[in-house]
Every structure is written in C-alpha cells, then in structure tokens.
Amino acid sequence: MRDLLAALTELRERLHEIPQADERRLQDLKTEILGRKAGALTKILAALPGLEPAAKKQVGGAANALKRDFEAAIAARERDLKRAPAAAAAGVDLTMPGRASWTGGLHLVTQVVNEICEIFHELGFTRAVGPHIETERYNFYALNFPKDHPALDAQDSFYLGGDLLLRTHTSPVQIRTLERYPPPVRVVIPGLAYRRDPFDASHSPVFEQIEGLAVDEGISFVDFKATLATFARRFFTADTRVRFRPSFFPFTEPSAEMDVQCQICGGTGCAACKQSGWMEILGSGMVHPAVLENCGVDSERYSGFAWGMGPDRIAMARHRIPDIRLLFDSDVRFLAQFAAGAKGGAR
C-alpha cells in the first residue's frame, strides 16, 4: 500500500509537465500515465483488487482523483495547442502581455488645414495645388520680387540647380491659377513650403502654408477685410476681435498683417502674445497690378486680394502648444490627444 501511495505522489508531481508539453510530448505523457495496458495509473488501479478493503478505498480514491486531474489537464492543453496555430497565423504572440490597440487619426496640422479650407469653401473658394519644385519666375519674378531681393539668396532658399528651387511659399500656385483660368478666380492653396530656417521652438525648414486668392471685377479692400474677418470668427470664436496693420509684400499693394485677439489671455496680455493682447496669424493685401499683368490679366478691369497663413502656428495658438517641434516628433503620446478631434476632410 505504501508503495502505491508513493507512486501516486510521484505521479502528481508530473502534472506540472503538461502545461509546457508540445503536441508530441503531450501524447507521450498521455500514453505513459493513462495508457490502457502500460500506463502508470492503469497499473495502480489494476493492483487494487489485491488490497484490503480499507487500503483499497484509500488508494482507489487517490488514484481516481489523480486520474481526473490528469485527464482535465491534458484536455486543457489539447485545447491550447489547437488555438495556437490560428493565433500564430494571425501574428499573435500569446506570451506577450495584453495591450490596447492604437486607432489612427488625422494629424493636428492636417485637421487645421482641412478646417480652414472648409471654411473658405463655404465662402466660395476652390482648393488648388501646385508643384513643390518651382522656377525662379513662378516663385519670385512673376510675384513682383526684384532680382536683388534677399529671398533669392542661397542662404534663404533651397536651390536644386539652375533656376530650380523648392518653393518658399505656396504663392506660385496663384500665378499658375491666373495663367490657366480667366477671372473670376477664388482659390485656397494649402501645401508645404521650404526655407533655410533653423529647426527650433518656433521655426522649421519645412512647414505648412495656406494661401488664398480672389480676383474679379470690382473687388475692394472692404471685400478683403470682410472675408478674412469672417474666417477668423468662424475658426476661433464668434466674438473674436481682428485688426489689420500696414505692412509690405512685393506681390500686394496695399499690404497688411492681420492680428486676432489672443486666444490664450482673451486680449488682456500674456507671454504668448508678448503682453500685446494680439496674435499675428497672416499676411495679406490687395493683389499688386504688376502681378495681374504678369499673368496676362487686365489690371484696369480686374482687382483682387491675397493672403498667406501658417496652419502650424495657428494650431499652436489654438491648442497652446509651446514648441513647433512637437508637431514633427511623431510622439504618439502627444498626437493621441488630438486624434479624437479629427474633422471631416475639406473639399
């Protein structure tokens, strides 16, 4: 009897082998322990008739309990082994800890670009695009830049050889649009621009820009101010205050910088707006007659206005982002904060 109980104790320890057994080893253990002819448990059960009644009850109960434990452990392992091929085919590592799935979303700047384009679409503007590699004519001369302007220097622009360069703004698309389509023209032009700027908290050598152009008969400075003020109040808040300050751009005359009431301090003054209560968001003005003439448009008959803005900085102003490099770092922890706010694409 003692020998049989000792054998049962040794067999119980072998239960720990089953969860780690592969398919072949599992079948060997099943035969070795539960086999009908030579199984270890089978031999113990076969010896029960020769025992005294009390011993038979003790050994038999222990043996049957152990048999049930083995059968349950083997069945569980067989189920695991059946699931494993499907998991492996799906590229699932069952030994890895669980993790939440990442649902992709539009980048914050893409959201802002789409929202801006959608606002101008509702105001009658069509979305236009153009090449990233331009000639000096489209990038500078047709836009009334003098040939000695600093922007034409190699330390400011990325030249690719000859008169080809990476566009420094999306304004060349204005020229291409006016050359291809006769007025009336109303386009909004999003895209990347490239300049030799340092990569720091407020500058990047590659950045998003959105330009706009409206050319038609009878367009005045009043139309220009009303359009951009309407945009600002739709994008920020309905009570946002705007102001226009005189400025200079080669391709507009008169020219103006547009400021909006600081969205962080509400106009009371803070570090973000340098205590002024205002934040500059775009440069703009009435299209210079020379630009219209360079595109074959009669400047005596037609007039228009144009503007350019940086959606990167607009996104920073709206969401109080202190460093533009956060928009380029691809840090999911940062980007995930804005993924849920993605809006539908612009037309």
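Quick notes
- Residues that are closer than 29 Å to P311 by Cβ and either at pLDDT 90 or above or touching a helix residue (DSSP H, G or I) at 6+ places or on another chain (Cβ under 9 Å) (or both) do occur in the range 92-102, at least one of them.
- Some residue of the range 206-214 being surrounded by fewer than 19 Cβ atoms within 10 Å (Cβ to Cβ), out of contact with any Lys or Arg (no Cβ under 6 Å at 6 or more places or on another chain) and either modelled with pLDDT under 95 or not assigned by TED's automatic domain parsing to the domain that holds E280 (or both): yes
- Search result, residues across the range 104-138 that are touching a Pro at 6+ places or on another chain (Cβ under 8 Å), in a helix (DSSP H, G or I) and among the aliphatic types (A, V, I, L, M): V109, V112, V113, I116
- Pairing each residue of the range 11-40 that is surrounded by fewer than 11 Cβ atoms within 10 Å (Cβ to Cβ) with any residue that is polar (S, T, N, Q) and assigned to a helix (DSSP H, G or I), provided the two are 6+ apart or on different chains, yields C-beta distances under 7 Å for R36/T42.
- Restricted to the range 46-69, and to residues there that are surrounded by 12 or more Cβ atoms within 10 Å (Cβ to Cβ) and basic (K, R), the residue that is modelled with the lowest pLDDT is K56.
- Residue in the range 119-169 that is surrounded by the most Cβ atoms within 10 Å (Cβ to Cβ), counting only those that are of a type in the set (D, E) and at pLDDT below 90: D163
- The range 139-190, residues that are aliphatic (A, V, I, L, M), within 26 Å of S220 (Cβ to Cβ) and outside any helix (DSSP H, G or I): V185, V187, V188, I189
- Which listed residue is closer than 22 Å to P184 by Cβ, in a loop (DSSP other than H, G, I, E, B) and β-branched (V, I, T), from I219, I264: I219
- The residue that is farthest from A63 (Cα to Cα), among those in the range 16-39 that are of a type in the set (A, V, I, L, M, F, W, C) and outside any loop (DSSP other than H, G, I, E, B), is L26.
- Selection of the range 142-164 for residues being under 25 Å from T177 (Cβ atoms) and without any contact (Cβ under 8 Å) to a residue 12 or more places away in the chain yields K147, Y159, G162.
- Whenever a residue of the range 287-300 is closer than 12 Å to V185 by Cβ, its partners that are among the small types (G, A, S) and surrounded by 15 or more Cβ atoms within 10 Å (Cβ to Cβ), lying with C-beta atoms within less than 6 angstrom and at least six residues away or across chains, give the pairs V287/G304; V287/A306; L292/S299.
- Of everything in the range 237-261 that is in a loop (DSSP other than H, G, I, E, B) and not hydrophobic (A, V, I, L, M, F, W, C), the residue that is surrounded by the fewest Cβ atoms within 10 Å (Cβ to Cβ) is D239.
- Checked against (1) surrounded by fewer than 17 Cβ atoms within 10 Å (Cβ to Cβ); (2) in a strand (DSSP E or B), T230 passes all but condition (2).
The values are calculated or read from the model by the stated rules, or taken from the named source; none is laboratory data. Since the structure is predicted, the reported quantities are computational estimates derived from the model, not experimental observations. Reconstructed Cβ throughout: ideal geometry from the backbone, glycine too, with neighbour counts over all protein chains shown.
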